[in-house]
Amino acid sequence: MSRQIRQAKVLSTQQITPHLQRIIIGSDEFKEFSDISMPNYIGNYVKVLLPKKGQSSLNLDPKTAVMRSYTIRDVDSETGALTLDFVINMHQGPATDWAQETQKGDSLAIAGPGPKKMDDFSQSHYLLLGDLTSVNAIKSYLQQLPSAAKIDAFIHVPSKQDIIDLETTRPVNWVITNTPNQAMEMALSNLSITTSLPTIFMALEAGLVSQLKKMFDQKYAIPRYNIVASGYWKKGVNSERYKEQRQQQKNQNS
């Protein structure tokens with residue numbers, strides 16, 4: 001991911017569901033995002049640098065800043081302004097607290113954009129699994145994967161009111177539940193798997209990612225190289241600690 005830091009302002013903020021706050025951010029430095037000669041950044045991610053609670057000044061050092069990753073939902077075709085959705089009212093933390101409190105004109109910054117997690121658009125069957133933290137990644141794949149490809153999409157949300165428009169005509173299975181580990185495994189128990197095994201993208205809570213990987217191996221014999229998986233968050237662990245755990249695991253595996 002590009003480490004270029006771009007400063008920005010909040011252009012608008014709106015609570016769109018009980019658990020999602022939609023925030024549009026912009027800057028003169030975003031102009032290149034609207035350049036038609038540049039890549040389509042919808043579905044890519046940015047690192048959002050936020051002020052510490054109670055402070056107006058920004059720390060722009062990526063090594064020490066309050067920084068979180070968010071998927072780009074939309075890019076304004078004229079200004080390059082980015083639309084991001086923040087999960088709220090489900091846990092406490094610097095990003096969710098900022099999202100609930102921020103107002104038009106507040107300062108922030110971004111690093112990136114970074115690449116999409118899945119970049120293989122040549123397969124005939126895809127299985128997309130997500131939750132509110134990854135709903136806009138799912139949205140981008142539904143829009144950008146080949147029209148001839150079969151796509152099965154499952155997104156778990158805590159309430160019917162959290163279902164949002166993904167701007168696609170493709171069917172989406174919304175799993176409304178407060179027990180996603182059980183509900184998602186049940187929803188996936190009768191998948192129609194042909195001789196062409198699906199390419200799987202899943203971005204979920206880390207424990208659920210591990211659980212579903214095991215299920216796909218044991219029940220459907222889907223090899224790990226067919227799976228692009230990311231634990232976007234970890235139950236019972238704050239973002240800083242989870243980041244440390246992932247770095248420690250990466251170091252151990254290197």
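The values are calculated or read from the model by the stated rules, or taken from the named source; none is laboratory data. Everything quoted here is computed from the prediction, not taken from an experiment. Backbone-built Cβ (ideal geometry, glycine too); neighbour counts: all protein chains shown. Note: areas computed on protein heavy atoms with side chains; ligands, DNA, RNA excluded. Shrake-Rupley method; radii C 1.70, N 1.55, O 1.52, S 1.80 Å.
Apart from one condition, Ser196 fits all of (1) under 20 Å from Asp85 (Cα atoms); (2) surrounded by fewer than 20 Cβ atoms within 10 Å (Cβ to Cβ); the exception is (1). None of Leu60, Leu49 is over 20 Å from Leu132 (Cα atoms) and surrounded by 18 or more Cβ atoms within 10 Å (Cβ to Cβ) except Leu49. The single condition among (1) open to solvent by 40 Å² or more (accessible area, probe 1.4 Å); (2) under 26 Å from Gly231 (Cβ atoms); (3) aliphatic (A, V, I, L, M) that Leu82 does not meet is (1).
Residue pairs whose Cβ atoms lie under 7 Å apart, separated by 6 or more positions or on different chains, with the first residue in the stretch 88-112 and closer than 22 Å to Gln161 by Cβ and of a type in the set (D, E, K, R) and the second open to solvent by 40 Å² or more (accessible area, probe 1.4 Å) and at pLDDT below 90, are Asp97/Lys53. For the stretch 171-181, the criterion of being open to solvent by less than 10 Å² (accessible area, probe 1.4 Å), in contact (Cβ under 8 Å) with a residue 24 or more places away in the chain and of a type outside the set (Ser, Thr, Tyr) is met by no residue. Would the stretch 95-109 turn up any residue that is in a loop (DSSP other than H, G, I, E, B), open to solvent by less than 60 Å² (accessible area, probe 1.4 Å), among the acidic types (Asp, Glu) and out of contact with any His (no Cβ under 7 Å at 6 or more places or on another chain)? Yes, that holds for at least one residue. Could you grab me the full set of residues in the stretch 159-170 that are out of contact with any helix residue (DSSP H, G or I) (no Cβ under 7 Å at 6 or more places or on another chain), over 15 Å from Leu129 (Cα atoms) and open to solvent by less than 70 Å² (accessible area, probe 1.4 Å)? Correct list: Ser159, Asp162.
Against the condition surrounded by fewer than 21 Cβ atoms within 10 Å (Cβ to Cβ), under 12 Å from the mean Cα position of the chain (by Cα) and basic (Lys, Arg), how does Lys150 come out, does it pass? The answer is no for Lys150.
The rows are residues; the columns are (1) within 14 Å of the chain's Cα centre (by Cα); (2) of a type in the set (A, V, I, L, M, F, W, C); (3) within 17 Å of Ala111 (Cα to Cα).
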| residue | (1), (2), (3) |
| --- | --- |
| Val10 | no, yes, yes |
| Asn44 | yes, no, yes |
| Ser56 | no, no, no |
| Arg73 | yes, no, yes |
| Asn89 | no, no, no |
| Gln92 | no, no, no |
| Trp98 | no, yes, no |
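When Phe121 is tested against (1) in contact (Cβ under 8 Å) with a residue 40 or more places away in the chain; (2) open to solvent by 10 Å² or more (accessible area, probe 1.4 Å); (3) of a type in the set (A, V, I, L, M, F, W, C), only condition (1) is not met. Criterion first (open to solvent by 80 Å² or more (accessible area, probe 1.4 Å) and closer than 15 Å to Phe86 by Cα) does Gln7 satisfy it? Taking the combined requirement at face value, the residue does not satisfy it. If I ask for residues that are outside any strand (DSSP E or B) and either of a type outside the set (A, V, I, L, M) or open to solvent by less than 50 Å² (accessible area, probe 1.4 Å) (or both), which ones from the stretch 221-231 would you list? Result: Ile222, Pro223, Arg224, Tyr225, Asn226.
Quick one: would you say Ala203 is at pLDDT 95 or above and either touching a His at 6+ places or on another chain (Cβ under 8 Å) or small (Gly, Ala, Ser) (or both)?
Yes.
Of the residues making up the stretch 4-43, those that are under 14 Å from Glu101 (Cα atoms) and of a type in the set (Ser, Thr, Tyr) are Ser12, Thr13.
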